[in-house]
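Asks: Pasting a structure here, questions to come.
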Amino acid sequence: GGGNGFAFFEAHMQDGVRDQLELARDLRAALEDGGAGQLSLHYQPKVAGDTQRVLGVEALLRWQHPKRGAIGPATFIPVAERFGIIIALGDWVIDEACRQVAEWRDQGLRLRVAINLSVQQLRQPEALLQRLQHALQRNGMDASQLSLEITESVAMEDAGATERTLQRLGALGVSLSIDDFGTGYSSLSYLRRLPVSQLKIDRSFIQDLETSADARAIVKAVIELAHALGLEVVAEGVETTGQAAELRAKRCDKLQGYLFARPMPAAELVHWARRSQAP
Ligand code: C2E
Ligand code: CA
Ligand code: CA
Ligand code: CA
């Protein structure tokens with residue numbers, strides 16, 4: 001096309017790259033400074049489908065950039081993955097989540113915590129296993145209090161190596177959960193071999209539950225499949241009472257979403273849990 005269009009496109013691209021480099025540099029600096037008060041974990045409850053009691057929480061990373069304000073993980077996790085920072089960032093998450101669970105326990109609140117894993121953490125299983133083991137030991141935590149969420153597409157990538165890594169993680173005693181289930185292409189025979197205890201149905205299906213017969217059919221099939229394989233099912237992104245009712249009727253084990261609670265700082269979660277667990 002015209003010279004102008006090309007120049008604009010190029011300038012725009014360079015902007016994007018410079019932007020990412022800058023974010024990567026700032027993220028690295030924050031990590032070298034132990035998070036620098038900029039990184040934190042927010043926690044979103046998973047509640048029982050039937051009683052609505054809180055059964056555990058998922059840790060979700062937050063970054064408060066000194067100049068740019070809050071940046072979401074959908075923006076900075078890919079940058080961390082691209083620029084080789086994800087292992088250090090993932091280590092920070094493991095340490096912080098375990099420290100927090102121990103602190104809650106000391107306050108009389110028993111909660112399981114789930115953390116999200118990046119594909120690159122799974123590709124360095126030695127380092128990951130060591131980090132997990134140390135964090136559990138240091139905090140006097142039982143491995144069963146920790147679960148790891150791995151997206152379906154990551155779990156299916158490089159199946160042989162992934163299976164071996166998941167077996168080793170399972171042997172450690174942590175529980176494994178397949179995240180965003182329904183968006184990838186799992187082979188059922190492969191799924192059956194993995195030491196996984198939970199499937200999380202992707203939010204896109206939950207969103208369409210009240211309007212789409214297809215989404216209803218998929219959700220029903222996933223719940224039945226999971227139960228037939230002895231797995232527990234979690235629905236993510238539950239926003240309406242209609243969706244929750246539909247999921248309960250289909251015997252979904254756990255529900256998670258804004259309808260119950262948004263991800264929140266640790267201090268707030270303590271109050272939320274006490275309120276919600278009060279008889
Ligand atoms: P995810 O693991 O699928 O997490 C669920 C996302 O949906 C979270 O977004 C959560 O805040 C949001 N969510 C929860 N309930 C609702 C709801 O009812 N409605 C809507 N619209 N959204 C809801 P968030 O916190 O922005 O995280 C985005 C993604 O970033 C996560 O998706 C996960 O893949 C990744 N991520 C977050 N923290 C970490 C981390 O510590 N390590 C790694 N590797 N990835 C992380
Ligand atoms: Ca997740
Ligand atoms: Ca998810
Ligand atoms: Ca998702």
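Asks: Let's see if you can work this out: charge +1 on each Lys and Arg Cβ, -1 on each Asp and Glu Cβ, no other charges. What is the dipole magnitude of segment 190-246 about its Cα centre, in debye to the nearest 20? Intermediate results must be reported in sequence, preceding the final value.
Replies: Working: 6 positive and 9 negative charges, 70 e Å.
Roughly 340 debye, rounded to the nearest 20.
Asks: What share of the DSSP beta bridges in the chain is antiparallel, in percent to the nearest 5?
Replies: Roughly 45 percent of the beta bridges in the chain run antiparallel, per DSSP.
Asks: Here's something else I'd like to know. How far apart, in nanometres, would the label points at Ser40 and His134 be if each is projected 7 angstrom from Cα along the Cα-to-Cβ direction?
Replies: Result: 2.6 nm between the two label points.
Asks: On to the next question. Please work out the C-alpha center-to-center distance from segment 207-279 to segment 94-145 and express it in whole Å.
Replies: 24 Å
Asks: A follow-up question, please. About the Cα centre of the chain, how large is the charge dipole given +1 on each Lys and Arg Cβ and -1 on each Asp and Glu Cβ? Please answer in debye to the nearest 20. Please report the intermediate quantities before stating the final value.
Replies: Numbers: 31 positive and 35 negative charges, 149 e Å.
Computed charge dipole of the chain: roughly 720 debye.
Asks: Got a sec? What order do Lys250, Lys46 fall in by accessible area at 1.4 Å, biggest, i.e. largest, first?
Replies: Details: Lys250 45, Lys46 10 Å².
Descending accessible area places them as Lys250, Lys46.
Asks: Measuring from label point to label point, each 7 Å out along Cα→Cβ, what is the Gln64 to Asp19 span in nm?
Replies: 2.4 nm
Asks: Roughly how many nanometres apart are two label points built 7 Å out from the Cα toward the Cβ at Glu32 and Glu126?
Replies: Result for the modelled spin labels: 2.6 nm.
Asks: Using a 1.4 angstrom probe and counting only protein chains, how large is the accessible area of Trp63 in Å², to 10?
Replies: Surface accessible to solvent at Trp63 totals approximately 10 Å².
Asks: Which one, Gly69, Ile87, Gly49, projects farthest toward the positive side of the charge dipole computed for segment 44-108 from Cβ point charges (K/R +1, D/E -1)?
Replies: About the Cα centre, the residue reaching furthest to the positive side is Gly69.
Asks: Nearest 500 deg cm²/dmol is fine: what mean residue ellipticity at 222 nm does the chain get from its DSSP H runs of n ≥ 4 alone, each adding -39,500 (n - 2.57), divided by its residue count? Before the final figure, lay out the partial values.
Replies: On the way: 12 runs with 146 residues, N = 279.
The helix-only estimate for the chain comes to -16500 deg cm²/dmol at 222 nm.
Asks: Choose one of Gln207, Leu191, Val174: the residue whose Cα lies farthest towards the positive end of the charge dipole of segment 157-218 (beta-carbon charges +1 Lys, Arg; -1 Asp, Glu; about the Cα centre).
Replies: Farthest towards the positive end: Val174.
The values are calculated or read from the model by the stated rules, or taken from the named source; none is laboratory data. As the structure is a prediction and not an experimental result, all values here were calculated from the model. In this analysis, Cβ positions are derived from the backbone assuming ideal geometry, glycine residues included, and neighbour counts consider all displayed protein chains. For accessibility, only protein heavy atoms count, side chains too; no ligands or nucleic acids. Shrake-Rupley method; radii C 1.70, N 1.55, O 1.52, S 1.80 Å.
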